[in-house]
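The values are calculated or read from the model by the stated rules, or taken from the named source; none is laboratory data. Quick caveat, the model's predicted, so the values are computed rather than measured. Quick reminder, even Gly has a Cβ in these numbers, built from the backbone with ideal geometry, and neighbours come from all protein chains shown. Just the protein is used for accessible areas: all its heavy atoms, side chains included, with ligands, DNA and RNA removed. Shrake-Rupley method; radii C 1.70, N 1.55, O 1.52, S 1.80 Å.
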Amino acid sequence: MDLTCINDVVIYVTLTADYKIIMANDLFCQFIGRPVNEGESILDLSAAYQLSGFVNDLELDDIFRNVNRNPDKFYQFDWLWITKRSTDTFGRVKVKKQNDEYVWIIQDLNDIVKDYNILKDQYYIVNQSLESFHQLFYITDTKNCLIKANKFFLKMFDIDEADVGGKTMDELMLKHCDEIIKTSNFTIRLDTFEKNDKKYWFKNFCYNILNQDGVPYAYSNISIDITKEKNLQEEVDVAKAQNIAKSRLAMLGEMAGGIAHEINNPLAIIATKTSMIEKFYDKKMFDDKRILESTKSIKDITNRISVIIKALRKISRDGSDDDFEEFQIENVIDDVLHICLEKIKKHEIELDIDLDAAKNIPLYGQIVQMSQVFINLISNAIDAIDGPGKIELNTKLKDDFLIITFKDSGKGIPKEIQEKIFQPFFTTKDVGKGTGLGLSLSKSIIEAHKGSLNLDLNDSKSTFVITLPVYKKE
């Protein structure tokens, strides 16, 4: 081996059989941090050395004996010098015999060891952070087997750290129930787990761990315990459903007097017509024309009562679970007016309704829910007008949307509360006269139909604008 060719690029030193230095290049002196003298023992350059990466961790003497037996072969080991500056210097040594000398070719490992120590410190910090993290953290492979888990996870599932490897998430009964977001790199989903007759809910953030080819080979999971929030939401949903039911019943109660009047008046007419026919019969006065007129009148009135009752039955029930179906808004408003008309008349409120733009325009949704929206708006308008006034309802088509404008002649909504009117339980009515859910519920219903319900801020009066998409059959 011609060492002059590598003098400026490779760290090397040549030794005698008893470890005395014969020659060392400048790079070697820079590597250990000081000059060396011929005849100086390599062992004197270090307060300690270590051998690793060699079979059976042989001593240096054993390595030299092996080199003597196989002079054409390089033997490799790692060496740690502690220099006079008390700094650690790491090198990987390849030793080979050349004539009567032993040539050490040294690879500087200082940068590698430094990077390793940084990574080790970072790993320690990350690992301690995850251990102190009071949420579930775990890593699974592509077969859904557990690779690593933090203490919080181990405690939740009552398993020892030694038993982590190989356990599947199916064994631990952690169930995936709903994906919220899924991309090529991560997934957010809801997980459930039952323990001691208690159901736990977790929001799971699952991130792909990719190999060099960009293919997932493991998954990093952070699961946030949302059990309290989920249970609270369920309580809120129950309370909201109860309040919505109360709100619907309250509005129907307000309309009940008008509905009773709508039915009682026709019933009185029916009773009169029936008495008239009975008198004709008793007196043997069979006036066919008058009897036919009376029976036709009774039939028409009966049909009118039937329409009112049908509308009442349709609107009064909870339609939140109904299937979506094709409908026309004019039919919905017609049903609502059968319920509300008497109350509107009682308050001397004029109706100005223009549904021409909506005729034969198909919409898609839940008819009962849509009826609830207009009952809410009419009820609020009657309260806002508080006396003789006017309600205007107009429609127009714009692009693929039907726009419905609902306006009353009341005082309008003060600017300071305009942003609050769609908030649940917000009401300007006296205690006991409103639940504060009407507009909030109406907005939710319209949005569930892929539309919008907004207050027109440019109008001094209370003007609500409903936008609904026109239904297009596929």
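Flag set for residue 123, criterion: in a helix (DSSP H, G or I) and of a type outside the set (A, V, I, L, M). Within the range 129-183, the residues that satisfy the criterion of being small (Gly, Ala, Ser) and in contact with a strand residue (DSSP E or B) (Cβ under 8 Å, 6 or more places away or on another chain) are 149, 165, 166. Scanning the range 424-450 for residues that are among the hydroxyl-bearing types (Ser, Thr, Tyr) and either open to solvent by less than 90 Å² (accessible area, probe 1.4 Å) or modelled with pLDDT of 80 or more (or both) yields 427, 435, 440, 442, 444. Screening the range 8-19 for residues that are within 16 Å of residue 94 (Cα to Cα) and of a type outside the set (Ser, Thr, Tyr) and picking the one that is modelled with the lowest pLDDT gives 9. Scanning the range 177-186 for residues that are in contact with an Asp or Glu (Cβ under 8 Å, 6 or more places away or on another chain), among the hydrophobic types (A, V, I, L, M, F, W, C), open to solvent by less than 90 Å² (accessible area, probe 1.4 Å) and in contact (Cβ under 8 Å) with a residue 12 or more places away in the chain turns up at least one hit.
Tell me, yes or no, whether the range 153-166 has at least one residue that is in a strand (DSSP E or B), among the basic types (Lys, Arg) and closer than 30 Å to residue 233 by Cβ. No, the conditions are met nowhere in the range 153-166. Per the listing 413, 421, 403, 382, the residue uniquely outside any strand (DSSP E or B), at pLDDT 85 or above and open to solvent by 10 Å² or more (accessible area, probe 1.4 Å) is 413. A single entry from 148, 143 fulfils the requirement of being open to solvent by 50 Å² or more (accessible area, probe 1.4 Å), basic (Lys, Arg) and in contact (Cβ under 8 Å) with a residue 24 or more places away in the chain: 143.
Screening residue 55 against (1) at pLDDT below 80; (2) exposed (fewer than 11 other Cβ atoms within 10 Å of the Cβ); (3) within 30 Å of residue 150 (Cα to Cα) leaves a single unmet condition, (3).
Each row is one residue, and each column tells you yes or no for (1) surrounded by 15 or more Cβ atoms within 10 Å (Cβ to Cβ); (2) on the phi < 0 side of the Ramachandran plot.
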residue	(1), (2)
73	no, yes
114	no, yes
130	yes, yes
158	no, no
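For (1) in a loop (DSSP other than H, G, I, E, B); (2) at pLDDT below 70; (3) open to solvent by 70 Å² or more (accessible area, probe 1.4 Å); (4) at positive phi, each residue gets a yes or a no:
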position	(1), (2), (3), (4)
21	no, no, no, no
31	no, no, no, no
81	no, yes, no, no
94	no, no, yes, no
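Remark: pairs (first residue in the range 215-240, in contact (Cβ under 8 Å) with a residue 60 or more places away in the chain and farther than 16 Å from residue 176 by Cβ; second residue open to solvent by less than 60 Å² (accessible area, probe 1.4 Å) and acidic (Asp, Glu); Cβ separation under 7 Å; 6+ apart in sequence or on different chains) = 218/141. Screening the range 83-92 for residues that are touching a helix residue (DSSP H, G or I) at 6+ places or on another chain (Cβ under 7 Å) and of a type in the set (Ser, Thr, Tyr) and picking the one that is modelled with the highest pLDDT gives 89. The listed residues are 108, 163, 197, 100, and the only one of them that is touching a Phe, Trp or Tyr at 6+ places or on another chain (Cβ under 8 Å) and either farther than 30 Å from residue 21 by Cβ or open to solvent by 50 Å² or more (accessible area, probe 1.4 Å) (or both) turns out to be 108.
In the range 460-474, the residues that are touching a residue at least 40 places away in the same chain (Cβ under 8 Å) and open to solvent by less than 40 Å² (accessible area, probe 1.4 Å) reach residues that are assigned to a loop (DSSP other than H, G, I, E, B) and hydrophobic (A, V, I, L, M, F, W, C) with C-beta atoms within less than 8 angstrom, at least six apart or across chains, in these pairs: 462/413; 470/361. Across the range 170-178, a minimum of one residue is classified as within 21 Å of residue 216 (Cα to Cα) and over 22 Å from the mean Cα position of the chain (by Cα). Scanning the range 390-400 for residues that are open to solvent by 30 Å² or more (accessible area, probe 1.4 Å) and either in a loop (DSSP other than H, G, I, E, B) or within 14 Å of residue 351 (Cβ to Cβ) (or both), we see that the one that is modelled with the lowest pLDDT is 399. For the criterion of being more than 30 Å from residue 18 (Cβ to Cβ), crowded, with 16+ Cβ neighbours inside 10 Å and touching a residue at least 12 places away in the same chain (Cβ under 8 Å), residue 138 passes.
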